[in-house]
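Okay, so here's the structure we're looking at.
The values are calculated or read from the model by the stated rules, or taken from the named source; none is laboratory data. Here the structure is a predicted model, which is why all the values come from computation and not from measurement. Because the Cβ atoms are built from the backbone with ideal geometry, glycine has one as well, and the counts that use them run over all protein chains shown.
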Amino acid sequence: MMMVFEASRSAPAFIGLGFVTSISALSASLAQFALQFISVFLVLMLISSVFNSLNWAFFWYRHEPGYVHIHRGVLFKSERSIKRERVQSVNVYTNILQRAIGLATLQIKTAGTGTEAEVNLRALTLDEVEEIKANLKKEQHPGIEAAEESEQAVHRLDGKDLWLAAITSGRFLVLFSVAALLFSQLFPYVPDRMYEYALELLIDVPVTAIAIAVVLLFLLSWALSIISFVVQYARFTIRRYEDRLEITWGILKQNHVTVGLNRLQALVVKEGVLRQPLGLSTLFIEVAGGGAEGQEQISMLHPLVRVKGLPDFLGAILPEYRVPSSPVELPPRSLRRYMLRAMAPTALFAAGAWAVLADLDIGIGWAAFALLLPAAVLAVSRHGNGKTSINGNQLTLRFRDLNRYTVLINKPHLQSLSILANPFQRYNDLRTVEAAVLSSPGGKSFRVKDVDAEETGRLWEWYSSRKA
Amino acid sequence: MTQGVLDRLMDRLRLENEPEERIDPRAWKVWTIAGAMNFVILLPLALAFDRFIVGLVNLPPLAGTAALALALAYGPWGMAIAPWLRMRFWRYEVREKEMEIQHGIFIIKRHLIPMVRVQHVDTEHGPLMRYFGLATLFVNTAATRFPIPALPQGRAEELRGEISALAGVSDEDV
């Protein structure tokens, strides 16, 4: 069974092959090009499927209560025993192909960073998955077990919000750039004749038609991105248990992720440029331990939460964090520094552009200075959004680069607190505050610039065990 | 009068509540020597750039002059000004439950690290530091790493022991 599955992993390659073949039918000269393409492809695929099969044939696992043992390697053998106590999380993923034949991927994460920290058991039967999960589950006192299993709160992303999230995801930009990247990669392989032919076609077509085509392409990629987002995050559900969060999502590829609350280091509320005007945000979490693969999925806690509904959401799902009630704003005198920081590079860039354009005898180079306006707007907004606050044990930092971020950190998860000040900041009694948290892989730090020195003093005192 | 103004300016440019302990004054010598070594390497490079490369690649002659000027400016900066400023701002303080480290030349940075967050401490000494009997102590948390340079070797060992003993006594989660 697993053999079939391993082979099926090359399925996308077959589809690509079919695609290339069908295009090659279009023109004779193109066919020659396609032939080369296909032969290279076939060889690569052969190598990869041999490699995959070997890997599969030399992969053994065994499990017993409290342990999973793994033997693998074709030339370099490695053996590994994973003990229940060292397991950080056990996740289950299934894609459409696996589901069709009743299989799933089991991912076991242990503490540490990099690929060493996780083991993926691909193509297990669902019974097997349950068995291994049961073997790795922490031993519980029989009495508590029943209570432990009942969830404390559930949150679902309902239909309308899912579509809203998809529309505002901003993914079409990614899709657009992927298309551009593909084009630039394939460009050298396109025969000259075909290129010339396309160019001739384009010259005949009026500019408006080209513009319409670009807009259509844009809309198409947007629509595609919306559909892919909806498919990816459909049936998104968060369940809160006593000691963990269980997140499930997806139709084609079903994901089931467990995050132990003891691994949670910080909560990040991101309000994207597209989403902020609509009062929407995305929640991310910083998590300790676990491997590098699939980080993206682990780090997103919720794809779309209404900012207004955030307190309720946190109250139900994550009462460990609260939306701060009275954040401290940046002092007015730091606006000047924000202005300088945003506008000086812009002015330099504009001056450079002007010089270059003037050199080319293009007279409207000075128009580049119009960029100063959005830079100033951004600076004012950054200044207005820079906030810090302390609520009991929780430090909250808010700042904007282009998106607005609100970072919530509990004191025990704050690895170190730093203040930074250059001479001008010192002269004006301003400080930059930086909070470091553990995040896999490695650490992460969040900054708010040009905070009043009095406020950073308060933050310092809050974090310090030495009370004044 | 001018003395008063300068004093007040210097006072404003200081970060309040500086940590107590300074690093060993021999650090000054180490940094000066290191700066001199950099200068000795940098100057011939800039000269070579000015004499040969600029002509070879057809750069404007100003580029060569600028490189030379930069290299020459690095001399007093790397050998005198930077070591002086660094020496001035390097401070640290180890308390029972936390430690503070302050450093910087232009931007002063000050870090507060609770002992329970310290994962491990290690010392390091390069050839120059070793010649002067100094060592650098590194304090590692799960997310960050902070150096305290130029401690007398004995003091570094002592601090390492002290911090390891104070660190990690709490069983709180990571």
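Of B:PRO44, B:PRO25, B:PRO76, B:PRO61, all but one fail to be surrounded by fewer than 15 Cβ atoms within 10 Å (Cβ to Cβ), touching a residue at least 60 places away in the same chain (Cβ under 8 Å) and away from every other protein chain (no Cβ under 14 Å); the exception is B:PRO25.
Out of B:ALA143, B:ALA156, B:ALA150, one residue alone is closer than 22 Å to A:SER445 by Cβ and among the small types (Gly, Ala, Ser). It is B:ALA143. Hey, can you tell me all the residues within the range A:370-395 that are touching a residue at least 12 places away in the same chain (Cβ under 8 Å), under 25 Å from A:GLY170 (Cβ atoms) and of a type in the set (Val, Ile, Thr)? Selection gives A:VAL380 alone. A single member of A:ARG84, A:ARG80 is touching a Leu at 6+ places or on another chain (Cβ under 8 Å), surrounded by 13 or more Cβ atoms within 10 Å (Cβ to Cβ) and at negative phi, and it is A:ARG84. Collect the residues in the range A:84-105 that are in contact with a strand residue (DSSP E or B) (Cβ under 6 Å, 6 or more places away or on another chain) and of a type in the set (D, E, K, R), keeping them in residue-number order. A:ARG86, the sole residue that qualifies. Any residue that is in a loop (DSSP other than H, G, I, E, B), buried (at least 20 other Cβ atoms within 10 Å of the Cβ) and within 27 Å of the chain's Cα centre (by Cα) - is there at least one of those in the range A:442-458? Scanning the range A:442-458 turns up no residue that is in a loop (DSSP other than H, G, I, E, B), buried (at least 20 other Cβ atoms within 10 Å of the Cβ) and within 27 Å of the chain's Cα centre (by Cα).
Would the range A:54-68 turn up any residue that is part of a strand (DSSP E or B) and small (Gly, Ala, Ser)? No, because not a single residue in the range A:54-68 is part of a strand (DSSP E or B) and small (Gly, Ala, Ser). If you go through the range A:412-419 one residue at a time, do you hit one that is in a helix (DSSP H, G or I), within 12 Å of chain B (Cβ to nearest Cβ), in contact (Cβ under 8 Å) with a residue 40 or more places away in the chain and over 23 Å from B:ILE107 (Cα atoms)? Scanning the range A:412-419, I find at least one residue that is in a helix (DSSP H, G or I), within 12 Å of chain B (Cβ to nearest Cβ), in contact (Cβ under 8 Å) with a residue 40 or more places away in the chain and over 23 Å from B:ILE107 (Cα atoms), so the answer is yes. Of the residues making up the range A:213-245, those that are of a type in the set (S, T, N, Q) and surrounded by fewer than 18 Cβ atoms within 10 Å (Cβ to Cβ) are A:SER228, A:THR237.
Residues in the range A:430-441 that are part of a strand (DSSP E or B) and not β-branched (Val, Ile, Thr) were compared, and the one that is farthest from the other protein chains (Cβ to nearest Cβ) is A:LEU430.
Only one entry of B:LEU159, B:LEU166 meets the criterion of being more than 9 Å from chain A (Cβ to nearest Cβ) and at pLDDT 85 or above, and that entry is B:LEU159. Might you check whether a residue that is within 30 Å of A:ILE96 (Cβ to Cβ), in contact (Cβ under 8 Å) with a residue 24 or more places away in the chain and within 14 Å of another protein chain (Cβ to nearest Cβ) occurs anywhere in the range A:251-260? Yes, some residue in the range A:251-260 is within 30 Å of A:ILE96 (Cβ to Cβ), in contact (Cβ under 8 Å) with a residue 24 or more places away in the chain and within 14 Å of another protein chain (Cβ to nearest Cβ).
Taking first residues from the range A:440-468 that are at pLDDT below 90 and partners that are β-branched (Val, Ile, Thr) and part of a strand (DSSP E or B), the Cβ contacts under 7 Å between residues at least 6 apart in sequence or on separate chains come to A:SER440/A:VAL287; A:GLY443/A:VAL437; A:LYS444/A:VAL437.
Cβ-Cβ distances below 7 Å connect the following pairs, each with a first residue in the range A:326-345 that is without any contact (Cβ under 8 Å) to a residue 60 or more places away in the chain and within 11 Å of A:ARG382 (Cα to Cα), a second residue that is surrounded by 17 or more Cβ atoms within 10 Å (Cβ to Cβ) and of a type in the set (A, V, I, L, M), and a separation of six or more residues or different chains: A:MET339/A:ALA379; A:ALA342/A:ALA375; A:ALA342/A:LEU378; A:ALA342/A:ALA379. The listed residues are A:THR248, A:THR208, and the only one of them that is of a type in the set (Ser, Thr, Tyr), surrounded by fewer than 17 Cβ atoms within 10 Å (Cβ to Cβ) and at pLDDT 80 or above turns out to be A:THR248.
Here A:TYR427 fulfils each of the conditions (1) under 26 Å from A:PHE349 (Cα atoms); (2) within 14 Å of chain B (Cβ to nearest Cβ); (3) in contact with a helix residue (DSSP H, G or I) (Cβ under 6 Å, 6 or more places away or on another chain) apart from (1). Selection of the range A:231-250 for residues being polar (S, T, N, Q) and without any contact (Cβ under 8 Å) to a residue 24 or more places away in the chain yields A:GLN232, A:THR248. Restricting the first member to the range B:135-147 and to residues that are within 7 Å of another protein chain (Cβ to nearest Cβ), and the second to residues that are surrounded by fewer than 18 Cβ atoms within 10 Å (Cβ to Cβ) and in a strand (DSSP E or B), the beta-carbon pairs closer than 6 Å and six or more apart or on different chains are B:THR141/B:GLN119; B:ALA142/B:GLN119. Among residues of the range A:156-173 that are free of Cβ contacts under 8 Å to residues at least 24 places away in the same chain, those with a beta-carbon under 9 Å from a residue that is buried (at least 17 other Cβ atoms within 10 Å of the Cβ) and assigned to a helix (DSSP H, G or I) at least six positions away or on a different chain give the pairs A:LEU173/A:SER221; A:LEU173/A:SER225. Checking the structure you have, find out if any residue of the range A:319-335 is closer than 30 Å to A:GLN152 by Cβ, of a type in the set (Phe, Trp, Tyr) and at pLDDT 90 or above. Among the residues of the range A:319-335, at least one is closer than 30 Å to A:GLN152 by Cβ, of a type in the set (Phe, Trp, Tyr) and at pLDDT 90 or above, which makes the answer yes.
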